[in-house]
1. Regarding Asp115, is this residue at pLDDT 95 or above and farther than 23 Å from Thr287 by Cα?
2. With the structure loaded, tell me whether Gly130 is surrounded by fewer than 23 Cβ atoms within 10 Å (Cβ to Cβ) and either in contact (Cβ under 8 Å) with a residue 12 or more places away in the chain or part of a helix (DSSP H, G or I) (or both) or whether it fails that test.
3. Exactly one condition in (1) of a type in the set (Ser, Thr, Tyr); (2) touching a residue at least 60 places away in the same chain (Cβ under 8 Å); (3) closer than 21 Å to Pro176 by Cβ is false for Ser230; which is it?
4. Looking at the range 89-125 only, could you name the residues that are charged (D, E, K, R) and part of a loop (DSSP other than H, G, I, E, B)?
5. Just to be sure, is Thr48 of a type in the set (S, T, N, Q) and surrounded by fewer than 17 Cβ atoms within 10 Å (Cβ to Cβ)?
6. List pairs: first in the range 198-220 and assigned by TED's automatic domain parsing to the domain that holds Gly152, second of a type in the set (Lys, Arg) and modelled with pLDDT of 95 or more, Cβ under 6 Å, 6+ apart or cross-chain?
7. Taking the range 203-217, which residues are within 29 Å of the chain's Cα centre (by Cα) and either surrounded by 14 or more Cβ atoms within 10 Å (Cβ to Cβ) or not aliphatic (A, V, I, L, M) (or both)?
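The values are calculated or read from the model by the stated rules, or taken from the named source; none is laboratory data. What you are looking at is a predicted structure, and each value in this text was computed from that prediction instead of being measured. Backbone-built Cβ (ideal geometry, glycine too); neighbour counts: all protein chains shown.
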Amino acid sequence: MNSKPAKLSKRSRRISTTLVAGAGVLGVVALSGCAAETGKTGGSDEVTITVPSWVGAQANAEVAKVILEDELDVKKVTLKTMDEPIAWDALNNGKADAILEDWDGQPEKQKLYLDQKKSVVKGGDLGVTGHIGWFIPKYYADAHPEATTVEGLNKLAKDFKSSESGDKGEFLGAAPSYTTYDEWLIKNNKLDFKIKETGNEAAQIKEIQQKYKNKKPFVTYWWDPQWLNSDVELVEVKLPEFKEGCNEPKEKTECGYAKTPLQKYFNKDFAKDGGEAAEFLKNFKWTTEQQNEVAKWIAKDKMSGEDAAKKWVKENKDVWEAWLPKK
């Protein structure tokens, strides 16, 4: 358990004051004894949030943790880094309570746990729309506007060759755990490119930054929201239009990626019995710009997740107070 000393939050102190006026000192003593025993003001005294490996998802979780602990008196909020398939399994078996950013990349898990077992429930919209695509730097697109189409990009594949790609153009790939159809997009559209495995988000960003600094051509799997988009100018390559079902099965994918309103999901029991903690996480909804701000502080400015979250919470009280459960 967390060794943090027991305290009443601002919200709890306001509630206690009202009780004093209406019920007398004995009522307050009884309430205090209950709070000391349960360590909460209604709902979970421990919450576990899954955190995918990208920094935007970390930003969500760190901000939620600070508010849950400091404003709602949740004794312990645990953030667990998990790949998406494992996170869904954890929600199903109760080892995690919430996913705060899901990119709709696990349709089989969703069908199993949401529709069949009903062990996971929807937690609402995060407020951020995610989009994945292929991107090239603006300086290259300005010099070669034809590269913004799949056909034109393929004709220029030689410009993207590297020592590792041989006779093919190099394509900077995503981390292995990310939702990606690039292997099949390249194969099924007969593109003369070879994927370079970057390994993780940090390594991919470093490679993009280096190539961008040196004005080198590159094409990469990329997405929004992403804090780096405020530092580099990228232009999206027009992949074949996404239509519902065009990437099922994934091995036959020829189309691009959908625009996805990012969603939250909860363990069923947590959603039912999690009290104020569950209600707060349902209410948690912010913008792409707000997420990117916290993510930038963590990834670029090298702040700890906790410090970045506390800074944002301090500066945006008017935003997050609307997420608190109403009394």
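1. yes
2. So Gly130 does not fit the description; no.
3. (3)
4. Lys95, Asp97, Asp104, Lys117, Lys118 - these are the residues of the range 89-125 that are charged (D, E, K, R) and part of a loop (DSSP other than H, G, I, E, B).
5. no
6. Short answer, once both residue conditions are applied: Phe218/Lys211.
7. Our first condition is that a residue be within 29 Å of the chain's Cα centre (by Cα); within the range 203-217, this holds for 203-213, 217.
Once the filter is applied, which keeps residues that are within 29 Å of the chain's Cα centre (by Cα) and either surrounded by 14 or more Cβ atoms within 10 Å (Cβ to Cβ) or not aliphatic (A, V, I, L, M) (or both), the range 203-217 yields Gln204, Ile205, Lys206, Glu207, Ile208, Gln209, Gln210, Lys211, Tyr212, Lys213, Pro217.
This table checks each residue for (1) over 20 Å from Asp182 (Cα atoms); (2) touching a Gly at 6+ places or on another chain (Cβ under 6 Å); (3) aromatic (Phe, Trp, Tyr); (4) not assigned by TED's automatic domain parsing to the domain that holds Glu289.
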{"position": "Ala87", "(1), (2), (3), (4)": "yes, no, no, no"}
{"position": "Gly105", "(1), (2), (3), (4)": "no, no, no, no"}
{"position": "Lys111", "(1), (2), (3), (4)": "yes, no, no, no"}
{"position": "Val120", "(1), (2), (3), (4)": "yes, no, no, no"}
{"position": "Asp125", "(1), (2), (3), (4)": "yes, no, no, no"}
{"position": "Phe135", "(1), (2), (3), (4)": "no, no, yes, yes"}
{"position": "Tyr139", "(1), (2), (3), (4)": "yes, no, yes, yes"}
{"position": "Ala143", "(1), (2), (3), (4)": "yes, no, no, yes"}
{"position": "Ala147", "(1), (2), (3), (4)": "no, no, no, yes"}
